[in-house]
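Working notes, structure below.
Read-outs throughout are calculated quantities, based only on the coordinates presented, and are distinct from any laboratory measurement. In this text the structure is predicted, and so the values were computed from the model without any measurement. With ideal geometry, Cβ positions are generated from the backbone for all residues, glycine too; neighbour counts draw on all protein chains shown.
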Amino acid sequence: MITRAFDRSAMSWSYEMHLQPMLSASDIEGLPFGSVFGSVPAHTVSKRHAHQDGEMFIVLAGKAVVVLGDEEREFGPGQVVHLSPFGFHEIRNTSDEPFDIVSIYWEHIPSAVAALEQLPPRSQLAERSLVFCPPPTPNGGLHLGHLAGPYVRADMLVRALRSMGRDARYVTGTDDHQSYVAAAARLRGTDPAEVATAEGDAIVATLRAAGVGCDRLTRPSADPEHAGRIRELFSRVTASPAVTEEKRDTAYCPTCDLSLHQAFARGHCAHCSAPCDGEICEACGRPNEARDLTGLRCRICGTPAATRPEPGLWLDLDAYADQVRDYLRESATAPDLQALAERLLDEGLPPYRLDRSSTWGVALEDGQTLDAWADLALTFLDAARTESEQNGPAKITLFLGYDNSFYYAVLLPVLAFATGLAEFLPAAFVTNQFLHLGDEKFSTSRGHAVWADDALAAAGPDAVRLALLRQAPEGRVTRITPERAGRLTQDPLYRGVQDWLTGFAPLTQGSGGRVPGTGAWTDAHREFYRYLNLATRQLDGLLLPESFSARGYVSQLESFVARCAEFQATEEALRKVASLAEEARTSLALAYLSAKVFAALAWPVMPELAQRTWDWLGLPGQPVREADWSFLPSGTSVTSDAPGLTAAAAARAGGRS
């Protein structure tokens, strides 16, 4: 006889609850399930998670709410609940007593596969989405490193959502009030407003040239009502008991008579020793106070920093730590951001200064200006609120660089809680790290860069977008060599799709310029049609903000084109046999269908070529991404001129069409 007894002293902490092994196949040979005793402490929520297993809770004692997906129900002693495979679940115990259970779990792969089939990726996409990108700082132009981060990847998602019939809007702008704009103006001997306007206009033009469509642009220095709206929100922040006015020693340049913060401060991070500006380290993601940097100097004149006392408004971030932790726990966060946020929360959040001794930015009543990052966070909340008021509620996804994680995953939520605007926080974060040029970061100051405008003029938007999405720095630093940056049109997918589409010319001539209806089907035809639908679902899964991968998408799209080209080549012999005319019609109909599918799947990546392909097939509007692919109507007219490279693109690619 094998026995087990519920024993709190034998429990270990896992899934944010107490667990104790009960019985499993290691105890009883052939036992088809595993089991554990579990206990969720009072006023505790277990970890939200899912398994491929089926699971059953048998309640021993206490009362708590069990959440499965969108369902939630209170359970008590003697009750049983079944949790389906891949169903996200948690236990919320708001009572004063532990919630004790027995969990029995078992693996049944057919049930797990069936559960996945009932949850296709497309069904998990919101009907309305706001896709935000941090507004670029208008202190210079955009290089390929900038574009490779959030901007093209966010546009990829927006286009894909729209092609599925979802309402998606792209929100970004220019971060006009950044200290980097003021520093650039000092170094150039001009006014910050002039820098923000000129460089901001150039940035917007570059984004548009890259095919990035912005539905809402926040341009603070060009918006006469911006300061008033932000001051109103800031007054809510300062009403929080977590905000205090204190005089603290602050980094200072006596030569320039300048308070050293952010762009004006240059030194090395006290945590990781990497070169660092004030208030944030791009290398390790930790915040700092500029005065704590080692080897601190003034960026303007190079003088070693002194300190002086400055009055300031300080926000106790740690007062909101539990709310931030709960918020991030309920949000979809990329692994690198999640790891950084957990580390920062565990170490204790430092206080943050909300105002600066500066003349550039939103002026405050005390003669100071609003901190640029606080301004940026409040601008985000203001834009999200306005979008909701004008267009209705939407799921917010934020694409951002890992170096901005502290500001968007910590400071932004705290300010949202303080202003009462937490409903406008991102539901999902999609991060990127850095694209390096060779072995070093892109650097404007050192001239180590490939400018986006130059690359777009030389290779065109499709080739630039494709190269940057293929090399997207998702979860890691990626690299592009100067040689590769100069040959963007030589990408294997970019060239392969031209060869494949060019191959439609003889098909079109042979069919009299008409797409036939299907006839008799072979096994190969059936499996190719199955592949078109399955490949679409696989690519849909890479568009979920929770699993977004531009690199994976490009890789699978390249495989898709190769599969379509292979089908077209192997079917060529069949189309020459008179007795197989009925099968040939199906073969041709599938070939043209594959071009239609390609246009829809490629539109987020290479919008110009995808649109030309869609137009060539006689289809109206912009590419539409169907859940289950319908054939082109029999008799659809197509020309023998395949939708390959335009004359300009052919010239960029060395004259090959």
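Taking 8 Å as the Cα distance limit and 6 or more residues as the minimum spacing, I'd like the relative contact order of the stretch 491-652 as a percentage.
Working: 179 pairs, mean separation 60.6, N = 162.
Answer for the stretch 491-652 is 37 percent.
For Cys301, what charge total do you get from the other residues with a beta carbon under 15 Å from its beta carbon, if Lys and Arg give +1 and Asp and Glu give -1?
Details: positive: Arg186, Arg188, Arg266, Arg297, Arg299; negative: Asp257.
With Lys, Arg at +1 and Asp, Glu at -1, the net is +4.
Indicate the gyration tensor shape class of the stretch 8-119 (rounded, prolate or oblate), computed on the Cα atoms with a ≥ b ≥ c the square roots of the eigenvalues: a/c under 1.5 is rounded; otherwise a/b larger than b/c is prolate and the rest oblate.
Details: a/c = 2.00, a/b = 1.20, b/c = 1.67.
Here the stretch 8-119 falls in the oblate category.
For the stretch 89-143, what class follows from the C-alpha gyration tensor (a ≥ b ≥ c being the square roots of its eigenvalues): rounded when a/c is under 1.5, otherwise prolate if a/b is larger than b/c, else oblate?
It comes out oblate by the Cα gyration axes.
Could you give each residue of the stretch 253-258 its phi-based ³J(HN,Hα) in whole Hz, using Karplus coefficients 6.51, -1.76, 1.60 with θ = phi - 60°, and x for Gly or Pro?
9, x, 5, 8, 6, 9
R0 = 35 Å: FRET efficiency of Trp106 with Glu423, Cβ-based, nearest 0.05? Mind showing how you got there, number by number?
Working: r = 40 Å, r/R0 = 1.13.
According to the calculation, E is roughly 0.30.
For n ≥ 4 DSSP H runs only, could you compute -39500 (n - 2.57) per run for the chain, divide by its residues and tell me the 222 nm figure to the nearest 500?
On the way: 19 runs with 231 residues, N = 657.
Helix contribution divided over all residues of the chain: -11000 deg cm²/dmol.
Using Cα pairs under 8 angstrom and six or more residues apart, how large is the relative contact order of the chain, in percent?
Working: 1228 pairs, mean separation 77.1, N = 657.
Relative CO of the chain lands at 12 percent.
Computed FRET efficiency, Cβ-Cβ of Phe33 and Ala61, R0 25 Å: what is it to the nearest 0.05?
Working: r = 22 Å, r/R0 = 0.88.
FRET efficiency, Phe33 to Ala61: 0.70.
Can you put Met22, Met606 in order, fewest other beta carbons within 10 Å first?
Values: Met22 17, Met606 28.
Fewest to most other Cβ atoms nearby, the residues stand as Met22, Met606.
Go through [x] 28.7, 92; [y] 25.8, 82; [z] 24.0, 69 and flag the label whose value is the computed Rg and Dmax of the Cα atoms in Å for this structure.
[x]
Given a cut-off of under 8 Å on Cα pairs at least six residues apart, what relative contact order in percent is computed for the stretch 429-473? Walk me through the numbers before you get to the answer.
On the way: 20 pairs, mean separation 18.6, N = 45.
The normalised contact order for the stretch 429-473 reaches 41 percent.
For the stretch 217-222, take each phi angle, set θ = phi - 60°, evaluate the Karplus expression 6.51 cos²θ - 1.76 cosθ + 1.60, and give the result in whole Hz per residue in order, putting x for glycine and proline.
10, 8, 10, x, 6, 9
Pop the C-beta distance of Arg530 and Thr639 into the FRET formula with R0 = 41 Å and round what comes out to the nearest 0.05. Provide the component values of the computation, followed by the final result.
Numbers: r = 30 Å, r/R0 = 0.72.
Efficiency computed from Cβ-Cβ geometry: 0.85.
Be a star and scan the stretch 405-435 for residues whose amide nitrogen sits under 14 Å from the point 7 Å along the Cα-to-Cβ vector of His271.
405-411
For the residues Ser555, Ser579, what sequence is obtained by ranking on other C-beta atoms within 10 Å, fewest first?
Working: Ser555 14, Ser579 7.
With the sparsest Cβ surroundings first, the list reads Ser579, Ser555.
When only DSSP loop residues count, what GluC sites (Glu not before Pro) in the stretch 280-367 have their Cβ near at most 15 other Cβ atoms within 10 Å?
Working: sites: Glu282, Glu289, Glu330, Glu342, Glu347, Glu365; in loops: Glu282, Glu289, Glu365.
Of the GluC sites (Glu not before Pro), the ones in loops of the stretch 280-367 whose Cβ has at most 15 other Cβ atoms within 10 Å are Glu365.
Among Thr369, Thr570, which comes first, then next, by fewest other beta-carbon atoms within 10 Å? If you can, show how the numbers build up before the last one.
Details: Thr369 20, Thr570 12.
The most exposed by this proxy come first: Thr570, Thr369.
Can you list residues from other chains, or at least 5 along the same chain, whose modelled amide H is less than 5 Å from the amide H of Cys298?
For Cys298, whose amide H was placed from the backbone, the distant partners under 5 Å are Thr303, Ala305.
Once the piece of chain linking Leu574 and Arg208 is laid out straight, how much longer is it, given 0.36 nm per residue of separation minus the C-alpha distance between them?
Details: separation 366, 0.36 × 366 = 131.76 nm, distance 4.54 nm.
That pair, Leu574 and Arg208, stretches by 127.2 nm at full extension.
Under a Cβ-Cβ cut-off of 14 Å, what is the net charge of the residues other than Thr639 that fall near it, where Lys and Arg count +1 and Asp and Glu count -1?
Charge balance near Thr639 sits at 0.
Tell me the net charge near Thr478. Cut-off is 10 Å between Cβ atoms, Thr478 excluded, with +1 for each Lys or Arg and -1 for each Asp or Glu. List each step's numbers first, then the result.
On the way: positive: Arg470, Arg476, Arg479, Arg551; negative: Glu474.
Here the count lands on +3.
Loop by DSSP (not H, G, I, E, B), at most 13 other beta-carbon atoms within 10 Å: where is the longest site-free stretch of the chain for trypsin sites (Lys or Arg not before Pro)? Present the calculation step by step, with values, prior to reporting the outcome.
On the way: sites that count: Lys47, Arg446, Arg476.
Longest stretch, sites excluded: 48-445.
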